[in-house]
Amino acid sequence: MITDKYARFEDLTCPETHDFAATAHAKTQARFCQDAEFERLQADITAQLQDERQIPFCQEHHGRMYHFHQSADYPKGVYRVCTSSSYRTGLPDWQILFDVADFDEVLGDDIYLDGVSHYVEQPNRVLLTLSQSGADSAYTLEFDLASGSIVEEGFHFPAGKNHIAWRDENSVWVCPAWDERQLTHCGYPCQVWLIERGQSFAEGTPVYKMSEEGMMVNAWRYLDPQGTPIDLIEAASGFFSKTYFQVAPDCTPIALKLPENCDIVGYIAGQLLVQLRSNWARGSQIYRSGSLLAIKLNREKLGAAKVLFEPNQHQAIDSVETTKRFVVLSLLDNVSGSLKAWRFEEGQWLEESVPALPQGALELVDQPWGGDIVYIASSDFTTPLTLFSLDLHLMELVVLRRQPKQFDATGIQVRQFYTPSADGTPIPYYHVGRCATPDTPTLVYVYGGFGMAELPHYLGTIGRHWLAEGHAFVLANVRGGGEFGPEWHQAAQGVNKHKSVDDLLAVVHDVSQRGLSSPSRIALQGGSNGGLVVASAFVREPEAIGAMVCEVPLTDMLRYADLSAGSSWLEEYGDPKNLIHFEALAKLSPYHHLNEHSTYSPALITTALSDDRVHPAHALKFYAKLNEISSLSWLYAPFDGGHAGNGTQEQTAIELACVLRFLQRTIAEFKP
């Protein structure tokens, strides 16, 4: 029987938990957030965030550009709009539609905007997702942008981890999560309801209910510019395992015979776009893992399938978007982005040649409904964001905006290296910096989970306040991520999760062996799953690194499934109730491998007490146990922000400045 001295910190209603976090947070602030350098950093980061030259990324609807904007005058932000013509001239005629802070009084809560869903055919009608203190739990309100008011007797729902989506202007799909009876054991919705305008929730139509042992359900409508809309339900038994249903006209859900681990990523011309996560044998053909298929759908039955794209071993699909006539694919090739496109014409899919875009990180940021334009953000480590407009019908690429540079990149080199992991697998990583000596302070960043790729995005704040000082940055593309498709993720999934840590340590060792830095000058940084990876590396080989920044992490892998949304990640990490999984998790769990006989480098652990995704106890317990061993451990734990850091620009700047001061004072200041 394992006894846990700090199990009490799992109770977030207990005053002792809040007092402990507040005391430790104050200690961290006193150490890193009081001097003139911190004040300078915070002021400069805030100024950069509030620089009016930053690109306003928008949703375009009916020739109007909608944008969420934060500033010193509006710390919680406003939602504003301008005409697309004024936006394209660079002189947008902004009009404020609502102030997020006003909803504090309306709802009697500390409100942050988490999303705005326009009904695309009448875009003045929106569903607002309004987060409680930055958490995942949120209220939904229907709002009329034309009148600037909440819709009387509109689609309004209590706070919860709900999924609410437009079906048409007079109905919505509701997956409720404001009552325990509506939840799976993971804390997510298990029911699907169709609610029509004027109905109370109780008067709505129940459409589907999954077992409480499942993970969650979701429902939405796909509009098809070339055909009729369809309604779909996704019933996920695990994070990657799901059954898709098409909802028939009489509201009967009919299961679609798709692989249980595939993803439906779009719908166009009466065809589902499906991305595979494993090989699929269908009839006499085998469709390869990672491929994008277009599958005909007719009256709730699947027809012929066409392979649009099959990646090679160096490639992975990053995202997929549809326009009126085209399918657009954002492709990773050796961890660098590019685009591909297809058009469905006269019953055939035809690949189209797309104008060349810069190498680096590409993101499809918006697609105005009903047209063939996509907006694309492009950057790399040293090149600021550029916003492009691509007209697929004309194949015309236009620059709309360029972000101002935040640092002088002269002399900064970007190099990609490979190093063998413990099992011999080559692991790529990027090294960015002017200097490369054993004395160079180097920040190594990692995520490595859930099939999510880490790309060479612009290093704005890090470039300005770290690279500019002659320091270096490393991005480790370890297994568990999605940089090379499903197999790259699955190689470090479940009982093999330790391979993400193996890969990170291989990168750290290689950085030292190449003379790019040395252990006392290397800091690890990772958040959420990345926090687990860095914490595991930290306790496994404390002598290999000089500091750690461990943000909103998982650390107790024997208890994770019982904390907050943890049970939804069993397919990623394994089930502690399974003996084989338990043994693997026990070896991985950083909390259980802290050892009073080891010497640990300085560590900064962060969380937010409003985080309802990764339980704050992971950070609190790890810090408490580490602090008994090492006085060089610190906790940054405000209340607001949730898991994703949904807060004000000032809150963001304070935390970034604290992290930078920690790094400066641990691996970057002179060491005798």
Item to complete: Assign one of three labels to the chain, namely rounded, prolate or oblate, based on the Cα gyration tensor with a ≥ b ≥ c the square roots of its eigenvalues; rounded applies when a/c is under 1.5, prolate when it is not and a/b is larger than b/c, and oblate otherwise.
Response: rounded
Practice prompt. Give me the accessible area per residue for the stretch 259-410, probe 1.4 Å, as a whole number in Å².
Written response: 44
Discussion item. If you average the C-alpha positions of the stretch 249-304 and of the stretch 383-434 separately, how far apart do those two centres end up, in angstrom?
Written reply: 33
Worksheet item: Rounded to a whole number, what % of the accessible area of the stretch 25-85 do carbon and sulfur atoms account for, probe 1.4 Å?
Response: 51
Worksheet item: Counting only Cα, what are the radius of gyration and maximum Cα-Cα distance Dmax of the stretch 311-354, in Å?
Response: 11.4, 35
Item to complete: For Lys296, list the aspartates and glutamates whose Cα falls under 19 Å from its own Cα; do not include residues on the same chain fewer than 8 positions away.
Response: Asp224, Asp231, Glu234, Glu260, Asp263, Glu310, Glu321, Glu345, Glu346, Glu351
Discussion item. Rg and Dmax in Å for the stretch 501-599, alpha carbons only: what are they?
Written reply: 14.3, 44
Discussion item. Could you give the length gained by full extension between Ile286 and Ile629, i.e. 0.36 nm per residue of separation minus their alpha carbon distance, to one decimal place?
Written reply: 118.0 nm
Worksheet entry | Relative contact order for the chain, counting Cα pairs under 8 Å that sit 6 or more residues apart, in percent | 11
Worksheet, complete the sentence: The answer for the chain, counting only DSSP H helices whose Cα atoms cover 15 angstrom or more along the axis and whose Kyte-Doolittle average is -1.0 or greater, is 15-32, 36-49, 498-513, 529-540, 617-629, 649-663
Fill in: Share of Cα-Cα pairs in the stretch 165-222 lying beyond 19 Å, as whole percent
27
Worksheet, complete the sentence: So the carbon and sulfur contribution to the accessible area of the stretch 184-227, 1.4 Å probe, in percent, is 47
Worksheet item: Carbon and sulfur together cover what percent of the accessible area of the stretch 520-672 at a 1.4 Å probe radius?
Response: 52
Response to the item:
In whole percents, the bins of 5 Å from zero upward hold the Cα-Cα pairs of the stretch 612-662 as 4, 17, 24, 22, 22, 9, 2
Discussion item. With 26 Å as the cut-off, how large is the P(r) tail for the stretch 29-186, expressed as percent of Cα-Cα pairs?
Written reply: 38
Discussion item. Taking amide H atoms as placed 1.01 Å from N in the peptide plane, list the residues 5 or more away in sequence, or in a different chain, whose amide H sits under 5 Å from that of Leu362.
Written reply: Gly337
Worksheet item: Rounded to the nearest 500, what is the chain's calculated 222 nm mean residue ellipticity when only DSSP H runs of at least 4 contribute -39500 (n - 2.57) each, over all residues?
Response: -5500 deg cm²/dmol
Item to complete: Mind checking the per residue accessible area of the stretch 514-609 for me, 1.4 Å probe, whole number of Å²?
Response: 31
Worksheet entry | Accessible surface, the stretch 10-117, averaged per residue in Å² (probe 1.4 Å) | 50
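The values are calculated or read from the model by the stated rules, or taken from the named source; none is laboratory data. Everything numeric here is computed off the predicted structure, so don't read it as measured data. Note: areas computed on protein heavy atoms with side chains; ligands, DNA, RNA excluded. Shrake-Rupley method; radii C 1.70, N 1.55, O 1.52, S 1.80 Å.
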